[in-house]
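Visitor: Dropping a structure here in structure tokens format, bear with me for questions.
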Amino acid sequence: MLLTTQKDRLKYLRKVCKENGLVFKKDDNYWLSDKACYMIVDRETGEKVSSYYTIDSAYLNEMNTGFISSGYSENDVDYL
């Protein structure tokens, strides 16, 4: 499913994260090429799992590799 608008991509990423016990949220401390950065946070612990994504980069990574929907473990935190 290829989504074209930023709003649809953001909605999709948040849905996939929620289904996997994660939260896709804006990181107000960082910007990449004048675009807001986002991070993936564990819903239960509040720990940052992964960061420095734009909506486009996270969406394309998810479409190509399924890095969110495939889940993660404590050992994978540095990989993500």
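Rule-based calculations on the coordinates, nothing more; no lab input. As the structure is a prediction and not an experimental result, all values here were calculated from the model. Every residue, glycine among them, receives a Cβ derived from its backbone with ideal geometry; neighbour counts consider all protein chains shown.
Visitor: For the chain, what are the per-bin percents of Cα-Cα distances with bins 5 Å wide, up to the bin holding the maximum?
Guide: With a bin width of 5 Å, the distribution comes to 3, 16, 30, 27, 17, 7, 1.
Visitor: Given the DSSP H assignment, sum -39500 (n - 2.57) over each helix run of at least 4 residues in the chain and divide by its residue total; what's the result at 222 nm in deg cm²/dmol, nearest 500?
Guide: -10000 deg cm²/dmol
Visitor: To the nearest 0.05, how large is the calculated FRET efficiency for Lys18 and Asn64 if R₀ is 22 Å and r is the Cβ-Cβ distance?
Guide: 0.60
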